[in-house]
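Values quoted throughout were computed directly from the atomic coordinates according to the rules given, and no laboratory measurement underlies them. Everything numeric in this text was worked out from a predicted model, so none of it was measured. Every residue, glycine among them, receives a Cβ derived from its backbone with ideal geometry; neighbour counts consider all protein chains shown.
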Amino acid sequence: MLRARGVGKVFGEVTALEDVDLDVTEGEVVVVIGPSGSGKSTLVRCIDQLEQIDAGSIELDGELLGFRVDRGGVLRRLPARRTAPQRRRMGMVFQSFNLFAHLTVERNVWEAPVRSLGEPVSEARARARELLDRVGLGHKGEAYPVQLSGGQQQRVAIARALAMRPRLMLFDEPTSALDPELVGEVLAVMKSLAQERTTMIVVTHELQFAREVADRVVFMDAGRVVEQGPPDELFGRPQTERLQTFLHRFSAAS
Amino acid sequence: MSVQGPESPARSVVGATRATDGGTTVDARDSRPERRPLLWLAWVVLVLLVAQVVAFVLRSDRLELSVVGEYLFAEPILDGLVTTVVLTAVATVLGTALGALVCLARLSSLAPVRYLATAWIAVFRSVPPLVQLLFWFNLAYLVPVLSIGIPFGPSFGEWSANDVITPYTAAVVGLSLYNSPYSAEIIRSGLSAVPRGQLEAASSLGLPGRDTFFRIRLPQATRIILPPMGSQVISLLKGTSLVSVIAMTDLLGAAREVYTRTFEVVPLLIVAIVWYIVLVAALTAGQSWLERRFSRGY
């Protein structure tokens, strides 16, 4: 479904991604782990085209993301208005939630389906209520984001992304900004999505979650994919020294 | 880390112990406010000041409060008041609209458009409002004929500048132009203050640019724009008092017309002052209402 080849991204002097290949098939749950600054957030941000890639290519369902080949065979970057339809097919959940502060919770969920997909308001609202029920916040529809806890805000953010009926869900460290006792409620929602075979790429530091939920774990370091495989193998028999060090540091910390 | 040992503090359990001070139980409910001698002194000073002002007003025979009362609702004054209000409203609307355009031009991705906006702000912010009013009022000398058309090409309509530029149009043009760079900068600061994450969220949901701007960015920017915009409107209101130099009878102009006839200068200035205070109070009330409305969710 998703196919990234040789993806590179540079921020000034810093190389954030270098020659990254990634394939995700339908219904697969891919969890990306790695130390801070390893480029894992940049990778999902590039897939969602919040960042422009500097090298390589990313395809979603065979369609080139962010570029087109014109009649003369020249590769051209698409302007934002042309990439919007591509972004609508992916749902993004941010570390800092990014709920629209001036809109109620329910409006946060139905605004985009109405404006981006042209769904009728009544239909979009009904579905917003359904999705909020599903993440356990059906009673909070009229609240403003600031009135919710971090965990609740993140569950709304997941509902908001799901309202667009995305082909692929992207999670950028969804629990990193949460108090420890609120992490569980967000992971529970993500687990239930995984059980329904939602295609997901999850960037996280929650190794236990990776172990339980991932079909495949991708370990990144210094902007590259260092190792990937099923969680049992990756955590049980790490092949590279870098992964061994990473896992060792984690088990020592917890 | 271990906290066991002979010197480790006793483990405290809610309800098991109470904080004590030398054997007496201390309870916040028994407390009284701290003594504040300075507070009393401040009250005494305030009362004295007010008493002095009141005494001055009552005893002064030059204030002529009866004259103030006589002219406060007099027709020429009320006409001037209407002119002031209309000028403020028109210059606010035009100046803000112009400012919004200049702001968008400054944020444009097209460099020539950005340069034009920067130059606009530089020029119209540099020239004092009084000078602008005089300049636009005397425009007919510089440009006798105004025309709309293609630059260096045919024109679609021509008007004599002397007919177009009346005191009223000169005032509207001058005040609107003077207002526009301030509005532009206030709007720009508001738009730039909207957190990046909000725009990224809109972008990742594939919201069209127009909806991102009008439904996400602008409503959030408005909350930030309102307080300085309110101050700007208030200073514009006061700035309208300059138009009397180009023979417009605004609130101040009306008061001046009366006192040049009757020589009751101070009472008529007080009439104008009272009305300016009333107008600013009304604007302030409107601003508070708007601010409350746009701060939902914060």
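Overview of values
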quantity	calculated
Pairs of alpha carbons in chain B whose separation is greater than 37 Å (percent)	45 percent
Peptide A:137-147, shielding by other chains (average Cβ, 10 Å cutoff)	1
Helix runs (DSSP H) in chain B reaching 24 Å along axis by Cα, Kyte-Doolittle at least -0.5	B:37-59, B:75-106, B:167-193, B:218-239, B:265-294
Other protein chain Cβ atoms within 10 Å, averaged over every residue that makes up B:206-219	4
Spin-label pair B:Ile150/B:Ala42, simplified geometry with 7 Å Cα→Cβ offset, distance in nm	7.0 nm
Selected from B:Phe137, B:Phe152, B:Phe263 as most flexible by GNM, with chain B as the system and alpha-carbon contacts under 10 Å	B:Phe152
Simple label model, 7 Å out from Cα along Cβ direction - A:Leu78 to B:Ala97, nm	3.7 nm
Gap separating the Cα centres of segment A:196-254 and segment B:111-147, nearest whole Å	64 Å
Dimensionless Rg/Rh of the protein assembly as shown - Kirkwood Rh, Rg from C-alpha atoms	1.12
DSSP H segments from chain A that extend 20 Å or more along their own axis, Cα-based, with Kyte-Doolittle mean of -0.5 or above	A:180-195
Under 13 Å from the Cα of A:Lys191 - aspartates and glutamates, other chains or at least 8 residues apart	A:Glu28, A:Glu206, A:Glu212, A:Asp215
Separation of alpha-carbon centers, segment B:33-86 and segment B:149-190, rounded to whole Å	40 Å
Point-to-point label distance, B:Ser295-B:Ala247, nm (Cα→Cβ direction, 7 Å offset)	4.8 nm
Per-residue mean of C-beta atoms belonging to partner chains within 10 Å, peptide B:188-199	2
Most mobile listed residue (A:Gly229, A:Gly151, A:Gly91) in chain A, GNM with C-alpha springs under 10 Å	A:Gly229
Listed residues B:Leu39, B:Leu237, B:Leu130, most fluctuating in chain B (Gaussian network, C-alpha, under 10 Å)	B:Leu39
